[in-house]
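The values are calculated or read from the model by the stated rules, or taken from the named source; none is laboratory data. The model shown is predicted, which means the values in this text are computed figures rather than measured ones. Methodologically, a virtual Cβ is constructed for each residue, glycine included, from the backbone with ideal geometry; neighbour enumeration extends over all protein chains shown.
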Amino acid sequence: MAPPRFTMVVLLIEDLPRTLAFYRRLGVEFPPDADQKTDIQVPIGDSHQLVLTTQFVRNDPDRHPPSGGSRILLEFFVDSEAAVEASWVELVTAGYNGRRAPFLTSFGAFMCMVDDPDGNTVLITAG
């Protein structure tokens, strides 16, 4: 029997157009009709997929919206520390929750942390 294969990240979201707007700012490309759908799946490289879905949210009676810090972090790499700074300014100015302004980690990575519209924390890292 073959071992399980990691193939996709599924984010449970409340409002697809709102979430698409956030991830478009990070360079994720979606089909032109994506804003009219309830769910979308796009390739993110190496046979992996990003799935954004409003359906699981509505169909799970035990689900509660996230509050506080994320349990899962999504990481986007940009070309430089200046690009981290620029992304921080763009996203926070656009009204997204800035969880942590750009900083240098103890292991030498320069990053910032911003919450997407559904409370998922996204790392933007120079590298």
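Tabulated values for the structure
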quantity: Of all residues in segment 51-73 being at pLDDT below 90 and not in a loop (DSSP other than H, G, I, E, B), the one that is nearest to residue 116 (Cα to Cα); calculated: 73
quantity: Scan of segment 99-115 for residues that are in contact with a strand residue (DSSP E or B) (Cβ under 9 Å, 6 or more places away or on another chain) and either surrounded by fewer than 13 Cβ atoms within 10 Å (Cβ to Cβ) or over 14 Å from residue 73 (Cα atoms) (or both), ordered by number; calculated: 100, 101, 102, 103, 104, 105, 109, 110
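So that you can scan it fast, the table gives a plain yes or no per residue for (1) aromatic (Phe, Trp, Tyr); (2) part of a strand (DSSP E or B); (3) surrounded by fewer than 15 Cβ atoms within 10 Å (Cβ to Cβ):
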{"residue": "14", "(1), (2), (3)": "no, no, yes"}
{"residue": "21", "(1), (2), (3)": "no, no, no"}
{"residue": "32", "(1), (2), (3)": "no, no, yes"}
{"residue": "88", "(1), (2), (3)": "yes, no, no"}
{"residue": "122", "(1), (2), (3)": "no, yes, no"}
